[in-house]
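Below is one structure, written out as structure tokens, with a few remarks after it.
The values are calculated or read from the model by the stated rules, or taken from the named source; none is laboratory data. This structure is a prediction, so every number in the text was calculated from the model and none was measured. Counting neighbours? That spans all protein chains shown, and the Cβs are built from the backbone with ideal geometry, glycine included. Heads up: the accessible areas ignore ligands, DNA and RNA and are worked out on the full protein's heavy atoms, side chains in. Shrake-Rupley method; radii C 1.70, N 1.55, O 1.52, S 1.80 Å.
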Amino acid sequence: MILQILVLTLLSSSTADDGGGQWQLLQNDIGVLPMHMQLLHNDRVVIYDRTDFGTSNLSLPDGKCRMDPNDTALQVDCTAHSLEYDVASNSFRPLMVQTDVWCSAGAAMSDGTLVQTGGFNDGDRRVRIFKPYPNGSDWEEIPFALSVRRWYPTNHILPDGRQIVIGGRRQFNYEFFPKTGGASKAYSLPFLVETNDRLIENNLYPFVFLNIDGSLFIFANNRSILFDYARNKVLKTFPAIPGGDPRCYPSTGSAVLLPLRNLQAATIGAEVLVCGGAPKGSFNEAQNRTFVKALNTCARTTITDPKPEWVIETMPVGRVMGDMILLPNGDVLIINGAGLGTAGWDNARDPVLNPVVYRPSDPPGLRFRLLNPSTIPRLYHSTAVLLGDGRILVGGSNPNVYYNFTGVPFPTELRLEAFSPPYLDPKFENLRPIILSPSSQTKVRHAQQLVVRFKLTGGGVTSDTVEVTMVAPPFNTHSFSMSQRLLVIGGENVTKVGNTTWDIHVSIPGSGNIAPSGYYLLFVVHGKIPSKGIWIRIA
């Protein structure tokens, strides 16, 4: 326990003295705007942007060209609008999408395949498949795989392996992919009608999380429900967030399901945190070139409580279009965004360059800490995802119609960065666990007992100072990380097996409601300092 306090003190002093965290420029121009990002289990990140901007800054290989007679900008286009970024080599290769993927959604399936849904124009009913083959792969497209057009929807992976696709512009319904029994059908969801602000919406890209009982928590605008998608039934209606301000696109805040703990207990609690956004009326004000100050509040509630209430907390800075990323140690990073305005074309000002870390287990009033700033504004159409080494990959920002690099307040941004949170500071290197076994890409089963062996050169290890976490890498776009999930799967029964080597016994969750089948990054966390992650697959 003394060691844990020491590490926490070091982390706190680091962030208090110098802000904490480091930024690294990875690529000066990747050619394609990262409007959408997904980390796959081969440690490569699939990135893509809309296709109807005309040419990008990245050519397709071998003289290939995309030919789309329905494209609204360029029917023959020999540039890429998607790429695969290799984390290990800091390199990228162009990919080709055939139809427009603008403002779409997606999720990684249980076998690691990325399934992307919807878009704009001739892409709005398409499903696209990206299989991470070792020798390289490209997008495959399925025409009319969706029942209705999906533009600004949200996806979530389900316990049975399907994705649910919810909402989108002028779509107050949901559907599934793949279809069961070959039926193509959309199911009405009146909640999306009730949360629609006329002419503004504020219910696009709703925040969706899988609850521990298999139901879905769905948040839109400033309201939320618990929903049984199998029976098309609302199980619970939650109170609105106090103040009545919207939190979804275009008044874009963000949200996370906080880390799930005590997974072997008879009763498991689940909490949701919603942060930032724009006050009511901000979108119309921005259209008139008045940029309203972003919300500086977060709202937190336990969705498994019989009578849940929202508790309001205050961030160090107001933020609209911020991304919320679950870190391996259970903290939440809030990154990107603006201090004034809303989402949409040229609708924001005052970039918020400092990330903020939120520590859910700290006492109220002491949970937020401001970290070191970037020098690159990340506004509308920015993205961020957690990497296996604990860094955050950050890209994007294009509040302009078309790629525009001059004569605008915030030019199109094609630089790619990595942010290293304070736990990656070299001063903690001897406190950082190194996983020795199992090896990466290990396959496990629900309810399986697993022994994780790790090495640690500095400090003692007890059940009070070490735990094992599993992170489901999400699909990130428009300030929301879809299917993001962190599970604390163990910290008891720690055994010393060598001078610097320990075993920790953990249990893979027994239910797909807690841990849907698929790939996860597994970390050993010692006093808030995480190891590098290894990939495991629940199959």
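Determine if the range 170-180 includes at least one residue that is more than 19 Å from residue 272 (Cα to Cα), in contact (Cβ under 8 Å) with a residue 24 or more places away in the chain and open to solvent by less than 10 Å² (accessible area, probe 1.4 Å). Scanning the range 170-180, I find at least one residue that is more than 19 Å from residue 272 (Cα to Cα), in contact (Cβ under 8 Å) with a residue 24 or more places away in the chain and open to solvent by less than 10 Å² (accessible area, probe 1.4 Å), so the answer is yes. When residue 109 is tested against the conditions (1) free of Cβ contacts under 8 Å to residues at least 40 places away in the same chain; (2) under 26 Å from residue 479 (Cβ atoms); (3) out of contact with any helix residue (DSSP H, G or I) (no Cβ under 9 Å at 6 or more places or on another chain); (4) open to solvent by 10 Å² or more (accessible area, probe 1.4 Å), the lone failure is (1). Whenever a residue of the range 359-378 is hydrophobic (A, V, I, L, M, F, W, C), its partners that are surrounded by fewer than 16 Cβ atoms within 10 Å (Cβ to Cβ), lying with C-beta atoms within less than 7 angstrom and at least six residues away or across chains, give the pairs 368/316; 370/316. Scoring residue 538 on the criteria (1) under 18 Å from residue 332 (Cα atoms); (2) under 21 Å from the mean Cα position of the chain (by Cα); (3) open to solvent by less than 20 Å² (accessible area, probe 1.4 Å) leaves a single failure, condition (1). Listed by position, the strands (runs of 3 or more DSSP E) contained in the range 143-194 that have at least 1 residues being over 20 Å from residue 250 (Cβ atoms), in contact with an Asp or Glu (Cβ under 9 Å, 6 or more places away or on another chain) and of a type in the set (Lys, Arg) form an empty set.
For the range 219-237, a tally of residues being open to solvent by 20 Å² or more (accessible area, probe 1.4 Å), part of a strand (DSSP E or B) and among the aliphatic types (A, V, I, L, M) returns 2. Being crowded, with 22+ Cβ neighbours inside 10 Å and among the hydrophobic types (A, V, I, L, M, F, W, C) is not true of residue 497. The set of residues in the range 452-481 being of a type in the set (A, V, I, L, M, F, W, C) and under 18 Å from residue 522 (Cβ atoms) consists of 452, 454, 456, 461, 466, 468, 470, 471, 472. Within the range 113-125, is there a residue that is out of contact with any Lys or Arg (no Cβ under 6 Å at 6 or more places or on another chain), farther than 26 Å from residue 52 by Cβ and either buried (at least 21 other Cβ atoms within 10 Å of the Cβ) or not assigned by the TED database to the domain that holds residue 71 (or both)? No: zero hits. Inside the range 358-408, residues that are under 14 Å from residue 338 (Cα atoms) and of a type in the set (D, E, K, R) make up a count of 1.
Taking the condition open to solvent by less than 30 Å² (accessible area, probe 1.4 Å) and either at pLDDT 95 or above or closer than 20 Å to residue 169 by Cβ (or both), does residue 211 pass? It is true that residue 211 is open to solvent by less than 30 Å² (accessible area, probe 1.4 Å) and either at pLDDT 95 or above or closer than 20 Å to residue 169 by Cβ (or both). For the range 271-292, a residue qualifies if it is assigned to a loop (DSSP other than H, G, I, E, B) and either open to solvent by 10 Å² or more (accessible area, probe 1.4 Å) or not assigned by the TED database to the domain that holds residue 258 (or both), and the qualifying residues are 279, 280, 281, 288, 289, 290, 291, 292. Looking across the range 411-425 at every residue that is open to solvent by 30 Å² or more (accessible area, probe 1.4 Å) and of a type outside the set (D, E, K, R), the one that is farthest from residue 26 (Cα to Cα) is identified as 411. Yes or no: residue 57 under 30 Å from residue 418 (Cα atoms) and open to solvent by 20 Å² or more (accessible area, probe 1.4 Å)? Yes; evaluated as a whole, the condition is true for this residue. Close contacts from the range 147-160, counting a first residue that is under 24 Å from residue 445 (Cα atoms) and a second that is part of a loop (DSSP other than H, G, I, E, B), with Cβ to Cβ under 6 Å and a gap of 6+ residues or different chains, come to 156/483; 157/483; 157/516; 159/214; 159/512; 159/513; 159/516. For the range 174-200, the tally of residues that are closer than 23 Å to residue 129 by Cα and either outside the structural domain of residue 218 (by the TED database) or not hydroxyl-bearing (Ser, Thr, Tyr) (or both) stands at 10.
Against the list (1) touching a strand residue (DSSP E or B) at 6+ places or on another chain (Cβ under 9 Å); (2) open to solvent by 10 Å² or more (accessible area, probe 1.4 Å); (3) of a type in the set (Lys, Arg), the condition residue 149 fails is (1).
Among the candidates 471, 488, the residue that is in contact with a Ser or Thr (Cβ under 9 Å, 6 or more places away or on another chain) and either in a strand (DSSP E or B) or buried (at least 24 other Cβ atoms within 10 Å of the Cβ) (or both) is uniquely 488.
Do we have any residue at all in the range 426-436 that's surrounded by fewer than 16 Cβ atoms within 10 Å (Cβ to Cβ), over 30 Å from residue 160 (Cβ atoms) and among the acidic types (Asp, Glu)? Yes, the range 426-436 contains at least one residue that is surrounded by fewer than 16 Cβ atoms within 10 Å (Cβ to Cβ), over 30 Å from residue 160 (Cβ atoms) and among the acidic types (Asp, Glu).
Just to be sure before I move on: is residue 247 charged (D, E, K, R) and either open to solvent by less than 50 Å² (accessible area, probe 1.4 Å) or not in a loop (DSSP other than H, G, I, E, B) (or both) in the structure I sent? In short, yes.
Comparison of 532, 528 shows that the only residue that is buried (at least 21 other Cβ atoms within 10 Å of the Cβ) and not assigned by the TED database to the domain that holds residue 265 is 528.
Restricting 29, 43, 18 to residues that are at pLDDT below 95 and open to solvent by 20 Å² or more (accessible area, probe 1.4 Å) narrows the list to 18.
With the requirement that a residue be within 30 Å of residue 459 (Cα to Cα) and either aromatic (Phe, Trp, Tyr) or in contact with a Pro (Cβ under 9 Å, 6 or more places away or on another chain) (or both), what does the range 509-527 give you? Matches in the range 509-527: 520, 521, 522, 523, 524, 525, 526. Taking the conditions (1) crowded, with 19+ Cβ neighbours inside 10 Å; (2) on the phi > 0 side of the Ramachandran plot in turn, residue 367 satisfies each one other than (2).
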